[in-house]
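Only the coordinates and a few stated rules stand behind these numbers; no lab work does. Just so it is clear, the structure is predicted and the values come from calculations on it, not from any experiment.
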Amino acid sequence: MKILVFFLSLSLILFSCGGSGSSSGSSHSKLDPAIPKAKMNDRDLEKRMVNWFNERGWDEKFKAAVIVSDDYYYKKKGGRITDRWLKVLMVSTKPDGTCMYQDFMVGNQNAGGDKYSKSLRSYGVGDQVSIKCTGL
């Protein structure tokens, strides 16, 4: 029950916070058009996310990260920002050859001031959606 309450609280925070993100013109145009469009593009971050998820040892092979947040969401404690995260669709192939995307909240902790740790963290996970393997 505590986990459900935390997740619901986190969901409310996600829709009420904002911030500043970066973009660098990444394209996901070759992917299945059923995948929602990216709202933020950051090639370096997307590559780091793909590598980070592949290092987790899951059966899926992650191929792309599609950032569907307009901007970062922030968590504050005592008026200080402690964490920031983005809603990301991680596109992958499964061992059976089918493909899917799954939504995650991925971010990092504040390292002081306007700096954030390079280490990624998962702050939540959502549903898996089957897609065509177009562009993978």
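Residue-wise HN-Hα couplings along the range 90-98, as the Karplus relation 6.51 cos²θ - 1.76 cosθ + 1.60 with θ = phi - 60° gives them from phi, are 9, 8, 8, 9, 9, x, 7, x, 7 Hz; Gly and Pro carry x. Taking amide H atoms as placed 1.01 Å from N in the peptide plane, the amide H of residue 60 has no partner under 5 Å among residues 5 or more positions away or on other chains.
Computed from backbone phi with θ = phi - 60° and the Karplus coefficients 6.51, -1.76 and 1.60, the 3J(HN,Hα) list for the range 78-83 is x, x, 9, 6, 9, 8 Hz; x is used for glycine and proline.
The phi-based Karplus calculation (6.51 cos²θ - 1.76 cosθ + 1.60; θ = phi - 60°) puts the 3J(HN,Hα) values of the range 56-68 at 6, x, 6, 5, 6, 10, 7, 10, 8, 10, 10, 7, 9 Hz, whole numbers, x for Gly and Pro.
Pairs exceeding a 28 Å alpha-carbon distance, out of 37/77; 30/76; 87/115: 37/77; 30/76. Amide H to amide H distances under 5 Å link residue 42 with 24, 26, where only residues 5 or more positions off or on other chains count and H is placed in the peptide plane. In straight-distance terms, cross-link reach from residue 132 covers every one of the aspartates and glutamates whose alpha-carbon lies under 14 Å from its own, apart from those fewer than eight places away in the same chain; here that gives 32, 96.
Amide H contacts of residue 125: 105, each under 5 Å away and 5 or more positions distant or on a separate chain (H built 1.01 Å from N in the peptide plane; Pro and chain starts excluded). With the Cα gyration tensor of the range 34-84 giving a ≥ b ≥ c as the square roots of its eigenvalues, does the rule (a/c under 1.5 for rounded; else a/b larger than b/c for prolate; else oblate) give rounded, prolate or oblate? Oblate, because a/c is 1.5 or more while a/b does not exceed b/c. Ratio of Rg to Rh for the range 38-136: 1.01 [Cα atoms; Kirkwood radius as inverse mean 1/r over pairs].
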